[in-house]
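Structure record follows, encoded as C-alpha cells.
The values are calculated or read from the model by the stated rules, or taken from the named source; none is laboratory data. None of the values given here were measured: they were computed from a predicted structure. Heads up, the Cβs are rebuilt from the backbone with ideal geometry, glycines too, and the neighbour counts pull from every protein chain shown.
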C-alpha cells in the first residue's frame, strides 16, 4: 500500500515535473562569466521554492563568486537535525553539436528528462525540496525532523565558497547527519548507499631543460628535451601492471574489511560489460591481483591528464622544448594522509629527474578519502528506508571519485553523510545528453521523505 | 691587394645594401595565407634583379603554392655550369613583442642588419645575384662559368614545389655543381664548408585507450590512459644516457672517418660556451662516449616535440584521455636508409605498446642524410677560394639539421652541393631580432665571385 507521501507525489506528478523543468531552463553554468546572472537567478529560484515548501529563514548568501542558499525548519524539538546539501550550478554543455535536444530546453523522451543538470544535481537537489513539501502536506504542516538546507552554486568549479562557509558557521549548520543526493544507484532498481569516496591530490609537474626552445637539428643529441625528460620521469611512476612505484605510497593504504570485499562480490557487476559499455578499450588494466571494483574504489591511482609544452599543431616542427608541464592526479584511499603523499611525490620527483632537467611540483589540491561508518544509526535507517521503498536489500558501495563537501561536514561539523542518490550509471553526467529518469525523480522524493520519517521515529 | 670584384663591391656598398633592405621590406611569410601577395611580390623582385644583373631567360614559374624563379647565363662554352639555389620566403616574425625593431622595417645597428630574413635566406641568396653583377661589371659582361638560378618561395614550409620541379626538370637544371648559401661560418672569420647534413624522419605516433575520455575518479585504476600509455612507450625509446633502444637502429650508422674526427678536434669549439650560451641547461646530455660535435652531427637522435591529448588548460580536470598523439622525429646519419628506420620504428612501436593501448604510426616525412665528398674538385676549389678571401684555412664541418634540396640535387641531378654560407652562429634564424652582419654580406658577394672565377679556371 503506498504511503501518504507516495499518494501525494502521484497526485502532483505533472506539477512536480514542471517545476523541475523550469529550474533546468536556467543555464546556471558556474564556470562561465557570461552566465553569472543565470547562476544568481537559479539561486533565487531555489530560495523561492524552499520558502514555498515551508522552510523558514531563507537566505541567499553572497560569496566571493556565486551565492549560497540557506533555509531551515526547526520545530521538531527532541528530534534529530538533518542538513540537506545540493548544488544548483551545472557543467558547461559543450560540445553542443552532440546533444539531441538543446541542453537548456528540457526534452522528455522514453521516460527521461534530457537537460544539462537533470541529474547532476538540479533534479536530485530538488527532490529534497519536494520531499519537504510532501511531508508537510500530509502531516498538517509538520516535519518528522529538524531540517537545514545548504545549497551551493560552485560545486562544478571546486566549491570554495561553501567550504569556507562550513568551516566558519559550525553553530548555524549544527546537525546530526548530512543528506546528499549527488550519486547514483549501483544499477537500476538497486537501493544504494555510498559509504566511501576516494580523496584527490592534483598537481602540476613542470620540467625545464634548455633556456629556450632549440632547433632539434642543431642541438639534437646533446641538449635535454623538457617534454622527453618529463616523459622519462612520469614513466617511472608505475610498473607495467599499474603498481605505483613512488616509495612509501602504499604504506598507509587500508585494505577493505573482508565483509566489504564479500559484499562487493554479491553486487550485480559484470567485468565484461564494464569493459565493453563503459571503458571501451581492448582490455581493463591496473593491478591484476586486485578485483576491478577494488581498483576503482579502494586503491590509489596515478594518472597523467595531459602534457603542455612543445609543438602539437598540424604538420611538423622540429623543436626541442624548453619547458613542459604535466597535469597529474592521485586518488587517495582511507588512511592515506594527503600531506604524506605530497611529500612522497615531491621526494620521488627530485630523486628521479633525468639529466639536465630541472623540476617543480605545484600542488593544486589535496584532500583525503572519506569513509562513512555503515553502522551509524542514520545510515542504518537510510538503508532500511531505501530497501523498503525499492523492495530489495540496500547495497553499500564506494565511489572512486571525490565529493569534498562530505569531508568538510566530517571535519568541521563532526557528522556523517548519507549519500543517497537516484541517478543511473548511464545518466551521462558532464556529458552531452545528460538525463534523469522521471520515475527515479518521483521515487527519490518519496524515498527521501520516508527516510526522514523513519529517522524522526528513532 | 683587393681583387677587381672587391673594388667594385667597395665602390657600390651603399647601393648593394639598399637593394637588400628593399627586399627585406617585403613580408614574404610563406606559411601565412594573408601574405600570399607579398610572397608573389618578393618573387617578382628577385626576377627583376636577376634580369638587371644580366641573367637571361628569367622566369617566374607558378606552382601549387608559391612561385619559383628561374634564370640562366649560358655563354661560357667549355666551362662548367653552377646551379645557384636560395629562397626568398621567410619564417613568421612572431613573437613580435620580442623584436627591438620591426621585423620588416630593417634597422642597421652595430654593423648588422636586423630584419626577418636578413640572413635566412634573403641576404645570403641576394649575394649570389650581386656576385653575378660584380663579375660582369669587371669582365665586360662576361661570366667565368655558366650559371643557372633556382630560387624558391616555400623553403620554410617544406619546399614541396621545388622538389617536384627538380625531379621533373632534369635537363633544364643540368649542372656540374650546386651552390647554396643558407648555412653559417663555424665561428666568426673562419671559412667554413658544410659537407654533411643529417636526414630527418618525422612521425606522429597516436595512442588510443578507452572509447571516450573517462572520469578518473570513476575509472582510474582499471582503465588504460592514452596519454600515459604513450608516455610508457616513448620512455622506452632511449636509455638514461640517450642511447636509442629501437632494435637495429644503429646497424647501418657509418662512423666518421678518423681524419674527420681529428679535424673536429681542431675546431674552435668550447663545450662550456656551447652549454652556457647556446643550450642554457644545467648540463649537456646524450651519449657520453661520443664527443658533443659527434652527437649533434654524426649520431641519430630520437626527439619528442610534443604530445597532444588530455587536459592542459588552467586548473584541474580529472580526465583519463581516450587518445593522445606525439610528434616525434629522428635525425638520420650517413648510410641509414630511411625506409629501414621507418620499418624499425613501426615494429618497435607494435612490440612495445602498453596493455590496453592501440597505436598507429604516421610518417610525415623521411629523408636520408647527405654527405658531400670533400675531395670533389668543386669543393676543393671552393675551399681554396674561401681560404684565400678570409686568410685562414677552410674548415669542413657537418650540420645537424637537414636541407632536403641538397638531397634532391644529388638524387635527380647527380651533382654535389657547395654549402658556402656567411651567417654567424648568433644570427638568430627563425627567432626575434634575426640579423646579418653587413661586412659578411659584402664578403660573401666577393667570395662567391672569387669561387666562380676560380672554378671557371680549372
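Please give the number of the condition residue B:336 fails out of (1) within 7 Å of chain A (Cβ to nearest Cβ); (2) buried (at least 22 other Cβ atoms within 10 Å of the Cβ); (3) touching a residue at least 24 places away in the same chain (Cβ under 8 Å); (4) assigned to a loop (DSSP other than H, G, I, E, B).
Failed condition: (1).
When residues of the stretch A:366-377 are filtered for being within 20 Å of residue A:259 (Cα to Cα) and not in a strand (DSSP E or B), how many remain? Walk me through how you get there before you give the answer.
Filtering the stretch A:366-377 for residues within 20 Å of residue A:259 (Cα to Cα) gives A:369-377.
From what's left, not in a strand (DSSP E or B): A:369, A:372-377.
Matching residues across the stretch A:366-377 total 7.
Please specify each residue of the stretch A:113-136 satisfying the condition of being under 14 Å from residue A:429 (Cα atoms) and in contact with a helix residue (DSSP H, G or I) (Cβ under 8 Å, 6 or more places away or on another chain).
Initial filter on the stretch A:113-136 (under 14 Å from residue A:429 (Cα atoms)): A:113-124.
The answer is A:113, A:115, A:116, A:117, A:118, A:121, A:122, A:123, A:124.
Quick check on my filter: what residues within the stretch B:426-445 are surrounded by fewer than 24 Cβ atoms within 10 Å (Cβ to Cβ), under 24 Å from residue B:388 (Cβ atoms) and out of contact with any strand residue (DSSP E or B) (no Cβ under 8 Å at 6 or more places or on another chain)?
B:439, B:442, B:443 - these are the residues of the stretch B:426-445 that are surrounded by fewer than 24 Cβ atoms within 10 Å (Cβ to Cβ), under 24 Å from residue B:388 (Cβ atoms) and out of contact with any strand residue (DSSP E or B) (no Cβ under 8 Å at 6 or more places or on another chain).
When you scan the stretch A:164-172, do you find a residue that is out of contact with any helix residue (DSSP H, G or I) (no Cβ under 7 Å at 6 or more places or on another chain), farther than 30 Å from residue A:10 by Cα, within 11 Å of chain B (Cβ to nearest Cβ) and touching a residue at least 24 places away in the same chain (Cβ under 8 Å), even just one?
Quick first cut of the stretch A:164-172, residues out of contact with any helix residue (DSSP H, G or I) (no Cβ under 7 Å at 6 or more places or on another chain) only: A:164-165, A:168-169, A:171-172.
Still in the list and also farther than 30 Å from residue A:10 by Cα: A:164-165, A:168-169, A:171-172.
Filter once more, so that each one left must be within 11 Å of chain B (Cβ to nearest Cβ): none.
No - not one qualifying residue is present in the stretch A:164-172.
Checking residue B:386 against (1) modelled with pLDDT of 95 or more; (2) farther than 24 Å from residue B:132 by Cα, which single condition isn't satisfied?
(2)
For residue B:358, all conditions in the list (1) out of contact with any strand residue (DSSP E or B) (no Cβ under 8 Å at 6 or more places or on another chain); (2) at pLDDT 95 or above; (3) under 30 Å from residue A:198 (Cβ atoms) hold save one; what is the number of the exception?
(1)
Is it fair to say residue A:363 is in a strand (DSSP E or B) and touching a helix residue (DSSP H, G or I) at 6+ places or on another chain (Cβ under 8 Å)?
Numbers: in a strand (DSSP E or B): yes; touching a helix residue (DSSP H, G or I) at 6+ places or on another chain (Cβ under 8 Å): yes.
Against the criterion (in a strand (DSSP E or B) and touching a helix residue (DSSP H, G or I) at 6+ places or on another chain (Cβ under 8 Å)), residue A:363 qualifies.
Go through the stretch B:386-401 and report how many residues are in contact (Cβ under 8 Å) with a residue 24 or more places away in the chain, away from chain A (no Cβ under 14 Å) and assigned to a loop (DSSP other than H, G, I, E, B). Give the steps one after another, and end with the answer.
Start the filter on the stretch B:386-401 by keeping residues that are in contact (Cβ under 8 Å) with a residue 24 or more places away in the chain, which leaves B:386-390, B:392-401.
Those left that are additionally away from chain A (no Cβ under 14 Å): B:386-390, B:392-396.
This time we only want the ones that are assigned to a loop (DSSP other than H, G, I, E, B), so: B:392-394.
Summing the residues that are in contact (Cβ under 8 Å) with a residue 24 or more places away in the chain, away from chain A (no Cβ under 14 Å) and assigned to a loop (DSSP other than H, G, I, E, B) in the stretch B:386-401 gives 3.
Assess whether residue A:340 counts as being at pLDDT 95 or above and over 30 Å from residue A:371 (Cα atoms). Lay out the reasoning, then the answer.
Working: at pLDDT 95 or above: yes; over 30 Å from residue A:371 (Cα atoms): no.
No, not satisfied.
Residues are listed down the side, and each one gets a yes or a no for (1) more than 13 Å from chain B (Cβ to nearest Cβ); (2) in contact (Cβ under 8 Å) with a residue 40 or more places away in the chain; (3) on the phi > 0 side of the Ramachandran plot:
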residue	(1), (2), (3)
A:384	yes, yes, no
A:403	no, yes, no
A:412	yes, yes, no
A:420	yes, yes, no
A:425	no, yes, no
A:430	no, yes, yes
A:442	yes, yes, no
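Just wondering, is there one or more residues in the stretch B:168-178 that are assigned to a helix (DSSP H, G or I) and over 29 Å from residue B:273 (Cα atoms)?
Checked against the condition, which is being assigned to a helix (DSSP H, G or I) and over 29 Å from residue B:273 (Cα atoms), the stretch B:168-178 yields at least one hit.
Just one of (1) in a loop (DSSP other than H, G, I, E, B); (2) over 17 Å from residue B:295 (Cα atoms); (3) within 11 Å of chain A (Cβ to nearest Cβ) trips up residue B:241, so point out which.
Result: residue B:241 fails condition (2) only.
Name the residue, out of A:211, A:207, that is under 22 Å from residue B:354 (Cβ atoms) and either crowded, with 20+ Cβ neighbours inside 10 Å or at the interface with chain B (Cβ under 8 Å from one of its Cβ atoms) (or both). So that I can check it myself, show each step before the final result.
Numbers: A:211 fails: under 22 Å from residue B:354 (Cβ atoms).
Exactly one residue qualifies, and that residue is A:207.
When you go through (1) in a loop (DSSP other than H, G, I, E, B); (2) within 14 Å of another protein chain (Cβ to nearest Cβ) one by one for residue B:188, which number turns out not to apply?
Condition (2) is where residue B:188 drops out.
When you look at residue B:247, is it buried (at least 23 other Cβ atoms within 10 Å of the Cβ), assigned by TED's automatic domain parsing to the domain that holds residue B:348 and part of a loop (DSSP other than H, G, I, E, B), yes or no?
Working: buried (at least 23 other Cβ atoms within 10 Å of the Cβ): no; assigned by TED's automatic domain parsing to the domain that holds residue B:348: yes; part of a loop (DSSP other than H, G, I, E, B): yes.
The answer is no for residue B:247.
When you check residue B:53 against the structure, is it crowded, with 18+ Cβ neighbours inside 10 Å, over 17 Å from residue B:174 (Cβ atoms), modelled with pLDDT of 95 or more and touching a strand residue (DSSP E or B) at 6+ places or on another chain (Cβ under 9 Å), yes or no?
Working: crowded, with 18+ Cβ neighbours inside 10 Å: yes; over 17 Å from residue B:174 (Cβ atoms): yes; modelled with pLDDT of 95 or more: yes; touching a strand residue (DSSP E or B) at 6+ places or on another chain (Cβ under 9 Å): yes.
Against the criterion (crowded, with 18+ Cβ neighbours inside 10 Å, over 17 Å from residue B:174 (Cβ atoms), modelled with pLDDT of 95 or more and touching a strand residue (DSSP E or B) at 6+ places or on another chain (Cβ under 9 Å)), residue B:53 qualifies.
Which of the residues that make up the stretch A:76-98 are over 23 Å from residue B:318 (Cβ atoms) and modelled with pLDDT of 95 or more? I'd like the intermediate steps shown before the answer.
Taking the stretch A:76-98 as the starting set, the residues that turn out to be over 23 Å from residue B:318 (Cβ atoms) are A:76-84, A:97.
The answer is A:76, A:77, A:78, A:79, A:80, A:81, A:82, A:83, A:84.
Please specify each residue of the stretch B:301-327 satisfying the condition of being over 19 Å from residue A:223 (Cβ atoms), within 33 Å of the chain's Cα centre (by Cα), surrounded by fewer than 21 Cβ atoms within 10 Å (Cβ to Cβ) and at the interface with chain A (Cβ under 7 Å from one of its Cβ atoms).
B:312
Which ones in the stretch B:69-92 are within 30 Å of residue B:433 (Cβ to Cβ) and either outside the structural domain of residue B:154 (by TED's automatic domain parsing) or part of a strand (DSSP E or B) (or both)?
In the first step, residues of the stretch B:69-92 are kept if they are within 30 Å of residue B:433 (Cβ to Cβ); the result is B:69, B:84-92.
Within the stretch B:69-92, B:69, B:84, B:85, B:86, B:87, B:90 qualify.
Do we find that residue A:58 is closer than 21 Å to residue A:449 by Cβ, touching a strand residue (DSSP E or B) at 6+ places or on another chain (Cβ under 9 Å), buried (at least 24 other Cβ atoms within 10 Å of the Cβ) and modelled with pLDDT of 95 or more in this structure?
Numbers: closer than 21 Å to residue A:449 by Cβ: yes; touching a strand residue (DSSP E or B) at 6+ places or on another chain (Cβ under 9 Å): yes; buried (at least 24 other Cβ atoms within 10 Å of the Cβ): no; modelled with pLDDT of 95 or more: yes.
So residue A:58 fails the test.
When you look at residue A:404, is it outside the structural domain of residue A:304 (by TED's automatic domain parsing) and under 25 Å from residue B:314 (Cβ atoms), yes or no? Don't jump to the end; show me each part of the working.
Details: outside the structural domain of residue A:304 (by TED's automatic domain parsing): yes; under 25 Å from residue B:314 (Cβ atoms): yes.
For residue A:404, the condition - outside the structural domain of residue A:304 (by TED's automatic domain parsing) and under 25 Å from residue B:314 (Cβ atoms) - is met.
Of all residues in the stretch B:192-204, count the ones that are within 7 Å of chain A (Cβ to nearest Cβ) and either out of contact with any helix residue (DSSP H, G or I) (no Cβ under 9 Å at 6 or more places or on another chain) or under 18 Å from residue A:238 (Cα atoms) (or both).
Total meeting the criteria: 1.
Within the stretch B:215-236, restricting attention to residues that are within 7 Å of chain A (Cβ to nearest Cβ) and outside any helix (DSSP H, G or I), which residue is nearest to residue B:364 (Cα to Cα)? Let's see the steps before the verdict.
Within the stretch B:215-236, the subset within 7 Å of chain A (Cβ to nearest Cβ) is B:215-225, B:227-228, B:231-232, B:234-235.
Among the residues that remain, those that are also outside any helix (DSSP H, G or I) are: B:215, B:220-225.
Numbers: B:215: 33, B:220: 34, B:221: 35, B:222: 34, B:223: 30, B:224: 27, B:225: 25 Å.
So the residue we want is B:225.
Of the residues A:258, A:290, which is surrounded by 15 or more Cβ atoms within 10 Å (Cβ to Cβ) and more than 7 Å from chain B (Cβ to nearest Cβ)? Full working, then the answer.
Numbers: A:258 fails: surrounded by 15 or more Cβ atoms within 10 Å (Cβ to Cβ).
Just one listed residue meets the conditions, A:290.
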